[in-house]
Amino acid sequence: MTSLEDLPIRDDLRGRTPYGAPQQAVPVALNVNENTHPIPEAVAHDIVARVAAAIMTLNRYPDREFSALRRALADYLGHDLDPAQVWAANGSNEVLQHIMQAYGGPGRSVLGFAPTYSMYGLLASGTGTEWITAGRDEEFELSPATAVAAVREHDPDIVLLCAPNNPTGTPLSIETIEAVADAARGIVVVDEAYFEFADPGTPSALTLLEGRPRLLVSRTMSKAFAFAGARVGYLAGDPAAIDALRLVRLPYHLSALTQAAALGALAHSAEMLAMVDEIRGQRERISDELARLGFHPYRSGSNFVLFGGVDDPRAVFEQLLARGILIREIGIPGHLRVTAGTEAETTAFLEAIAVSAPNRIAS
């Protein structure tokens, strides 16, 4: 049987593995930061009706500029954004890929702050962009001084800031974002995939867009909107910066069905986001209980909690899996990550981790 190594793939892709988390049918899946709350039934019916109407026009290509969707996303984001300042694609990963294709490439570099979202490095390699990582401060925080020092040292063409950071959940201050945006020569991307879960009153990088044409703010509907299966990501930025993305996107990249479903969800944004407060509450419950058990949960502005102090992450992972609970090993020694789910899912996780805690806490 032919193996991948037998094929003439690019040398820089040899030995790499595709991105992906374990997919297993378990009663409690808390490993990929999904919103585990279902879409409200009334909202689902409206989305289905919109998709059904779009099906009647599938003999025609969709609106390649997805004008109605851009208008709806601009209205949702606020900050007096114009539809020309908004871009969308099949999940935020494709949005980021467009950025890499337009502003990265051979001979160019992208800077991130490790540990961070592992897909960043894969997107860089897929576009022939050099992936550079700099370190963080204690507790996985990132101060303006640390971030700016890295930007000045490496002088990248693109800077990727994850706010809050994945996989650590660490919030990123608006002061750090502003300092990087003002220090960087190239494009600065602020990935706000989990922004809706931030504490109320947390300022968005959207407040910094005015006068900064090289700043882009990325979001997704996968998390807070409970829309992961629909694959809708988007960003806001200067219209000229977005025009560059139009040069590299595939023709008609957003299907008519995707556009219809997203418009339906955005028409009911209040209902779709109604569970966010509850998820925040479960996140805090997880952090408090893990700390009580002797683990080390990190500060989180997302819908998940990273916790350290685990003597054998693989053993704890397997012990929880045996109880029907799937969480995430994220490659940081002594650490695991768990998504904040429903109250019942959180209870199941906490009861199971309590059983393993006495023998699995690092001294």
Cα-based Rg then Dmax for the range 220-344, in Å, read 18.9, 53
Using alpha-carbon positions, what is the distance between the centroids of the range 221-260 and the range 1-55, in Å? 16
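Write down the accessible area per residue of the chain in Å², having rolled a 1.4 Å probe over the full set of protein chains. Walk me through the numbers before you get to the answer.
Values: 15980 Å² over 363 residues.
For the chain, the solvent-accessible area averages 44 Å² per residue.
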Distance in nm between label sites at residue 75 and residue 344, each 7 Å beyond Cα in the beta-carbon direction? 3.5
Placed amide H near residue 193: partners under 5 Å, 5+ positions off or other chain: 163
Could you list the square roots of 5 times each eigenvalue of the Cα gyration tensor of the range 109-183, that is, the equivalent ellipsoid semi-axes, sorted largest first and rounded to whole Å? 19, 15, 10
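Using the per-residue mean of other Cβ atoms lying within 10 Å as a proxy for protection, in what order, highest first, do the peptides 317-323, 214-220 fall?
On the way: 317-323: 16.1, 214-220: 25.4.
Peptide ranking by packing, descending: 214-220, 317-323.
Would you be so kind as to identify all helices of the chain, as entire DSSP H runs, whose Cα atoms reach 30 Å or more along the helix's own axis and whose mean Kyte-Doolittle hydropathy is at least 0.0?
Values: long enough: none.
Within the chain not a single helix satisfies the rule.
Over its Cα atoms, what ratio of radius of gyration to 2.2 N^0.38 Å does the range 115-259 give? Could the numbers behind the result be given before it?
Values: Rg = 15.3 Å, N = 145, 2.2 N^0.38 = 14.6 Å.
Dividing the Cα Rg of the range 115-259 by 2.2 N^0.38 Å gives 1.05.
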Give the label of the value calculated from the structure for P(r) over Cα pairs in 10 Å bins from 0, in percent, choosing from (i) 6, 26, 37, 25, 6, 0; (ii) 5, 23, 31, 27, 13, 1, 0; (iii) 5, 23, 29, 23, 13, 5, 1, 0. (ii)
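Determine the gain in length on full extension of the stretch residue 154-residue 57; use 0.36 nm per residue of separation and subtract their C-alpha separation, reporting nm with one decimal. Walk me through the intermediate numbers first.
Values: separation 97, 0.36 × 97 = 34.92 nm, distance 4.94 nm.
That works out to 30.0 nm of additional length.
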Kirkwood estimate for the range 188-243, i.e. one over the average of 1/r between Cα atoms, Å: 12.1
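At 1.4 Å probe size, with the rest of the protein present, what percent of the exposed accessible area of the range 228-363 is carbon and sulfur atoms? Please list the in-between numbers first.
On the way: 2800 of 5360 Å².
Answer for the range 228-363 is 52 percent, counting heavy atoms of protein chains only.
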Collect residues whose amide H, placed 1.01 Å from N in the peptide plane, falls under 5 Å from the amide H of residue 143; neighbours closer than 5 in sequence don't count. 137
Go through 162-168, 226-232, 77-83, 266-272 and give me the packing order, highest mean Cβ count within 10 Å leading. 162-168, 226-232, 266-272, 77-83
Most packed first (mean Cβ within 10 Å per residue), the peptides 27-36, 300-309, 51-60 order as 300-309, 27-36, 51-60
Mind pulling the per residue volume of the convex hull built on the Cα atoms of the range 143-189? Å³ is fine. 67
Ellipticity estimate at 222 nm from DSSP helix runs (n ≥ 4, -39,500 (n - 2.57)) divided over the chain, nearest 500: -11500 deg cm²/dmol
Could you check the spin-label model distance between residue 273 and residue 321? Points 7 Å from the Cα along Cα→Cβ, value in nm. 3.7
Mind jotting down the distance between the C-alpha centroids of the range 147-179 and the range 293-357, whole Å? 26
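The values are calculated or read from the model by the stated rules, or taken from the named source; none is laboratory data. Please read these numbers as outputs of a predicted model, since none were measured by experiment. Counting neighbours? That spans all protein chains shown, and the Cβs are built from the backbone with ideal geometry, glycine included. Remember, those area values only see protein heavy atoms, side chains included, never the ligands or the DNA or RNA. Shrake-Rupley method; radii C 1.70, N 1.55, O 1.52, S 1.80 Å.
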